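What follows draws every value from the coordinates through simple rules; no lab data is involved. Treat the numbers as computed from the prediction; the structure is a model and nothing was measured. Cβ sites come from the backbone with ideal geometry, for glycine too, and all protein chains shown count toward neighbours.
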Amino acid sequence: MLARFHRFRLWQRHRLISLVPLAAITLFLPLLSPSAYYYRIAALVFIFAIASVGLNLLMGFAGQVSLGHAGFMGLGAYAVAIGPAQLGIPPLFSFAIGAMLSALVAFVVGRPILRLKGHYLAVATLGFGVLLAIVFANEANWTGGPDGMTVAQLTLLNWPLRGADTWYWVSAISFLVSATLALNLIDSPTGRALRAIRDSEIAARVIGVDVAQKKLMIFVVSAVYASVAGSYFALLNGYITPDASGFLRSIELVAMVVLGGMGSVTGSLVGSALLVILPQALTFFHDYEHMALGLITMSVMIFMPRGIVPSLAAALSGRAK
Amino acid sequence: MAEFLQFIFSGLTVGAIYALVAIGFTLIYNASDVVNFAQGEFVMLGGMTTVFLGYAGLPLPLAALVAILFTTAVGLFLYYFAIKTARGADAVTLIIITIGASIFLRGAAEIVFDKRFHSLPPLFGDAPIRFGGAAILPQSLAVLAGAVVIVALLWVFIDRTLFGKAVIATSANRTAARLVGIDIRVIVGVCFALSAAIGAVAGILITPITLTSYNTGTLLALKGFAAVMLGGIGSALGAVVGGVLLGLFEAFAAGYISAEYKDAVAFLVILAVLFAMPQGLFGKATVERV
Amino acid sequence: MIRKNLSVAAALGVGLAIALAAGSASAQVKLGAVLSTSGPASFLGDPEKRTLDIYVQDINANGGINGQKLQLVIYDDGGDANAARTFATRLVEEDKVFAMVGGTTTGTTLAMMPVFEDAQIPFISLAGGIQIVEPVHKWVFKTPHTDTMACEKIFADLKRRNLTTVALISGTEAFGKSMRDQCIAVAPRAGISIADVENYGPADSDVTPQLTKIKSLAGVQAVINTGFGQGPAIVTRNYRQLDIAYPLYESHGVASKQYISLAGPAADGVRLPAAALLVADKLAESDKQKPVVVSYEKTFEAKTGQSVSTFGGHAYDGLMILIEATKRAGSFDKAKVRDEIEKTKGYVGTGGIVNMSPTNHLGLDLSAFRMLEIKNGDWTLVPDSNS
């Protein structure tokens with residue numbers, strides 16, 4: 001009995017160990033003295049990775065789908081823009097309010113929406129995302145309309161958070177924290193319940209899992225992840241436009257999750273890195289960059305159908321795909 | 001009264017467009033459970049290819065025919081090089097593949113065509129048909145008629161031909177179909193080709209109304225997908241009804257509520273319908289087996 | 001598990017290496033351009049890109065400026081403000097450009113402005129928004145006319161025709177909305193009253209509901225459509241389809257002959273404020289802009305096979321203002337170039353005659369707009385309205 005307990009503990013620690021190389025890379029990269037451009041790219045990778053991890057919890061572990069997750073990113077982003085500018089709320093509080101607002105919206109909207117399944121759930125979340133994007137684009141008095149609005153700087157105890165290198169550290173640490181939380185969730189009874197729901201909702205219900213409540217909970221959690229990422233995004237750029245919560249951005253998030261590997265937290269980072277870095281690297285192709293992007297996306301999915309990280313892991317450990 | 005009638009005509013015009021795009025989704029989904037997000041690009045290719053062949057000197061009917069054949073070939077390529085190679089992959093993986101394909105096709109269109117807007121001459125002339133104080137273009141009726149004809153032809157094909165029966169068998173149970181000797185690859189390939197052809201025809205019919213450019217595919221795919229889900233995925237009739245209803249919702253929202261929020265209102269109505277009927281209007285209730 | 005993370009590390013490493021390799025700098029003088037050559041603003045960005053390509057090549061063929069050849073570095077932001085900012089940072093940090101001509105849309109320009117301001121690099125924007133130059137930012141200039149000017153020009157023409165009550169129908173995209181807001185703000189001063197405001201989405205295929213509402217209102221004497229892209233063509237067609245009799249005004253977002261060919265015979269009688277570029281051959285011989293616009297039109301149409309548009313014209317003006325300023329500065333020193341741009345006086349461009357100053361980073365006045373009317377499928381100048 002104790003032996004089993006020890007093994008369980010070791011396994012859990014083992015999962016979190018996967019974050020150590022990541023933390024090492026994070027510490028190592030700045031030693032290469034990158035310019036503000038590279039810091040910015042890295043910060044963007046981490047920021048989108050946070051949103052992807054959240055979406056992965058929903059899609060990869062709970063087996064749901066959301067084609068409107070950028071809407072939550074938009075909520076977080078606009079909260080941190082509108083709070084200081086229109087309501088006089090300091091940026092840090094606006095950040096927290098944005099996260100709480102996203103959680104609330106996810107809670108209210110999630111209950112009815114999550115009763116739908118498969119493609120129907122997809123179109124419902126799509127509609128939700130589109131609705132939010134339209135609100136952000138039209139309520140110009142609050143949001144600055146389709147041109148967007150500037151976002152005030154965040155100051156932490158009189159220390160202004162500006163500069164790509166500062167944001168690199170903020171986003172890297174936030175990503176590591178959120179990945180840790182996600183991994184802990186996955187290995188908890190809740191996580192196991194979610195995986196049961198993904199495999200078969202009916203079977204899960206039979207063994208006593210409160211399916212509706214668990215799905216709603218993970219939807220809310222993933223919404224908060226997206227909101228945090230959205231807030232960081234707005235603060236990093238100092239500017240926000242309604243496209244940040246649009247349909248194309250939602251699809252990009254889904255692509256990050258699927259390309260990196262559904263059900264893999266490190267996969268979310270890889271997916272995010274791929275879709276942030278690739279457009280930069282592909283400028284080499286000039287006019288052909290979109291064709292190249294489409295080809296690469298298709299090829300990755302054709303040759304690594306479970307996503308990059310799971311497929312590579314399977315290949316390296318000699319298992320059949 | 002004239003106002004109300006005009007809103008209906010506007011809704012029918014836009015709805016017919018969505019309906020035609022939506023039908024293309026249904027066929028591929030039925031055969032392979034894949035939601036093909038590149039369907040919008042097929043529509044774009046039909047219109048743009050016809051336009052550019054027309055500029056190059058071909059008479060328009062011939063240009064249209066070549067465009068349809070070309071788009072069908074593109075659909076087949078998509079199947080053979082992307083979908084078939086990813087045999088047995090997850091539904092989500094296949095969706096991302098079709099999204100990658102749509103990015104690729106858009107990127108290619110960017111280079112081969114140009115970035116401006118183009119139109120085609122309407123089939124029956126410009127003069128609007130006036131009725132009860134409102135006006136509708138004959139082309140809108142042509143699009144509606146096209147949708148109805150295509151659905152009818154599809155029904156004949158699926159219900160009355162042996163090949164069509166094979167499609168039904170494939171969509172019911174692929175393994176069983178294989179066991180009975182049906183070559184799934186041929187079936188799905190043909191369905192892709194047909195969907196591409198339908199998309200191309202849709203593109204040619206709608207361009208006189210909507211104008212076309214290399215990136216009109218994305219929004220059309222989005223609306224087409226919403227229309228399909230409203231009508232119930234898997235049903236061609238549902239796709240048409242869903243498309244027309246979506247167009248009507250948008251027109252009435254624009255007329256009576258707020259044009260800025262019409263897309264949002266339309267989606268809300270779709271959501272309301274889905275909550276009441278989770279399989280869409282004409283969708284078959286699925287049995288979930290444990 | 002460990003192997004999995006090694007593979008992750010490897011993947012990330014390879015990715016970053018590619019990006020690092022891609023950013024190798026060379027010693028030439030670089031001019032940056034972040035344009036929206038794909039995405040919803042692509043039909044503005046594309047002529048801008050082609051114009052910059054053509055004329056930078058031309059300049060280099062003639063020996064470059066200040067004895068150096070220019071390398072044009074163009075990035076496509078796809079209309080996305082985030083991507084624009086990333087590319088702007090790349091231009092500053094990696095490519096080390098000495099100036100930037102670009103920013104197709106107001107959103108992308110506003111997102112990029114802080115980057116160039118912090119780096120103290122002159123930035124000439126090709127976007128319409130008035131916020132780009134009001135309040136004046138030291139390092140930011142722009143070449144396109146503001147929508148406020150367009151509104152004022154249209155209102156002046158309306159007054160001349162004794163039409164004072166109008167309805168607006170605008171696209172909900174940034175340009176249409178911004179010009180709509182400006183027109184509403186300026187109308188009282190100009191003695192125009194706005195009876196109704198309708199909106200349509202930029203990708204809508206049918207606006208008859210909105211036009212029906214306008215048609216059924218009593219007292220409307222004219223309709224102004226603010227928007228760009230395919231929207232105005234569709235509005236124009238629907239306008240005639242519904243047989244609406246009052247005059248229709250379009251905005252300068254319509255900007256090219258394409259609009260006429262798309263709207264067809266419905267475009268006859270439509271009036272709009274536009275840059276002289278569109279009526280190049282119809283200008284009087286004595287018109288100062290004539291040689292410039294005729295030359296640009298010929299070159300652009302010959303090299304691209306497409307009809308000219310004012311978007312390309314703005315890029316031409318931006319480039320030429322920068323080149324002239326750089327020649328006057330005698331070096332590629334960013335501060336000196338910026339000072340010279342600000343001293344631009346009497347520059348004759350496709351958009352008008354530019355006179356910049358420390359408080360005016362646009363330099364155009366109302367005379368830069370000509371009022372045009374479409375007759376028989378071609379542009380004509382409206383007499384008595386051009387200063």
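What is the packing order of peptides C:168-174, C:370-376, taking the mean over residues of other C-beta atoms within 10 Å and listing the highest first?
Values: C:168-174: 26.4, C:370-376: 19.1.
Going from most to least packed, we get C:168-174, C:370-376.
Determine the sum of side-chain charges near B:Ala101: Lys and Arg each +1, Asp and Glu each -1, restricted to other residues whose C-beta is under 14 angstrom from that of B:Ala101. Mind dumping the intermediate values first?
On the way: positive: B:Lys84, B:Arg106; negative: B:Glu41.
Here the charged neighbours net out to +1.
Quickly rank A:40-46, A:296-302 as a protection proxy: mean count of other C-beta atoms within 10 Å, highest first. Walk me through the numbers before you get to the answer.
Details: A:40-46: 25.9, A:296-302: 21.7.
Ranking, from highest mean packing down: A:40-46, A:296-302.
Give me the inter-chain shielding for C:80-93: mean count of other chain Cβ atoms within 10 Å, whole number please. Don't jump to the answer; show the numbers that get you there.
Working: counts 7, 9, 12, 3, 3, 6, 8, 4, 1, 8, 8, 1, 3, 8.
For this peptide, the per-residue mean of nearby foreign Cβ atoms is 6.
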Let's test the formula: R0 of 41 Å, r as the Cβ-Cβ distance of B:Ala152 and C:Arg161. What FRET efficiency results, to the nearest 0.05?
0.20
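Do you know the relative contact order of chain C, to the nearest whole percent, from alpha carbon pairs under 8 angstrom that are 6+ apart? Present the calculation step by step, with values, prior to reporting the outcome.
Details: 764 pairs, mean separation 60.1, N = 387.
About 16 percent, as a whole number.
First check a/c for chain C, with a ≥ b ≥ c the square roots of the eigenvalues of its C-alpha gyration tensor; if it is under 1.5, answer rounded, and if not, answer prolate when a/b is larger than b/c or oblate otherwise. Please list the in-between numbers first.
On the way: a/c = 2.05, a/b = 1.48, b/c = 1.38.
Judged from the Cα gyration tensor, chain C comes out prolate (a/c at least 1.5, a/b above b/c).
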When a/c is below 1.5 the answer is rounded, else prolate if a/b is larger than b/c, else oblate, so apply that to the stretch B:1-146 with a ≥ b ≥ c taken from the square roots of the Cα gyration tensor eigenvalues.
oblate
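If you rank B:Ile95, C:Ile234, C:Ile130 by fewest surrounding Cβ atoms within 10 Å, what's the result?
Values: B:Ile95 24, C:Ile234 27, C:Ile130 17.
The most exposed by this proxy come first: C:Ile130, B:Ile95, C:Ile234.
Grab the DSSP H runs of chain B that are 4 residues or longer, score each as -39,500 (n - 2.57), total them, divide by all residues and round the 222 nm result to the nearest 500 deg cm²/dmol. Don't skip to the end; give the middle numbers.
On the way: 11 runs with 202 residues, N = 290.
That calculation yields -23500 deg cm²/dmol at 222 nm.
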In a GNM of chain B with a 10 Å cut-off on Cα contacts, which of B:Glu250, B:Glu260, B:Glu110 has the highest mean-square fluctuation?
B:Glu260
For each of C:Leu262, A:Leu176, A:Leu27, count neighbouring Cβ atoms within 10 Å of the residue's Cβ, then give the residues from fewest to most.
A:Leu27, A:Leu176, C:Leu262
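Partner chain Cβ atoms within 10 Å, averaged over the residues of A:132-139 - can you pull that number for me? Mind showing how you got there, number by number?
On the way: counts 1, 2, 9, 3, 0, 6, 7, 1.
Average neighbour count from other chains, rounded to a whole number: 4.
Provide A:His290, C:His314 in ascending order of the number of other Cβ atoms located within 10 Å of each residue's Cβ, fewest first. Write down the numbers at each step before the final one.
Values: A:His290 23, C:His314 31.
Starting with the residue having the fewest Cβ neighbours, the order is A:His290, C:His314.
Could you compute the FRET efficiency for C:Tyr246 and B:Leu62, with r as their C-beta to C-beta distance and R0 at 45 Å, rounded to 0.05?
Numbers: r = 42 Å, r/R0 = 0.93.
It comes out at approximately 0.60.
Cα gyration tensor of the stretch C:147-274, axes a ≥ b ≥ c as square roots of the eigenvalues: rounded (a/c below 1.5), prolate (a/b > b/c) or oblate?
Numbers: a/c = 1.38, a/b = 1.23, b/c = 1.12.
Rounded is the answer for the stretch C:147-274, as its axis ratio a/c remains below 1.5.
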How many percent of DSSP beta bridges within the protein assembly as shown run antiparallel, rounded to 5?
40
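Could you pull out the pairs from A:Lys117/B:Lys115; C:Lys345/C:Lys375; B:Lys115/C:Lys138; C:Lys153/C:Lys375; C:Lys213/C:Lys282; C:Lys177/C:Lys257 whose alpha carbons sit more than 31 Å apart here?
Details: A:Lys117/B:Lys115 38 Å; C:Lys345/C:Lys375 35 Å; B:Lys115/C:Lys138 34 Å; C:Lys153/C:Lys375 20 Å; C:Lys213/C:Lys282 38 Å; C:Lys177/C:Lys257 23 Å.
Too far apart for the 31 Å limit: A:Lys117/B:Lys115; C:Lys345/C:Lys375; B:Lys115/C:Lys138; C:Lys213/C:Lys282.
What is the average number of partner chain Cβ atoms found within 10 Å of a Cβ in B:82-94? Display every interim value, and only then the final one.
Numbers: counts 4, 2, 1, 6, 5, 2, 1, 5, 6, 3, 13, 10, 3.
Shielding by partners across B:82-94 averages 5.
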For the stretch A:275-280, take each phi angle, set θ = phi - 60°, evaluate the Karplus expression 6.51 cos²θ - 1.76 cosθ + 1.60, and give the result in whole Hz per residue in order, putting x for glycine and proline.
7, 8, 7, 3, x, 6
Between the stretch A:197-263 and the stretch C:178-244, the Cα center-to-center distance that results, in Å
40
For the protein assembly as shown, cysteines with no other Cys Cβ under 4.7 Å from their own Cβ are listed as B:Cys191
Give the dimensionless ratio obtained when the Cα radius of gyration of the protein assembly as shown is divided by 2.2 N^0.38 Å.
0.93
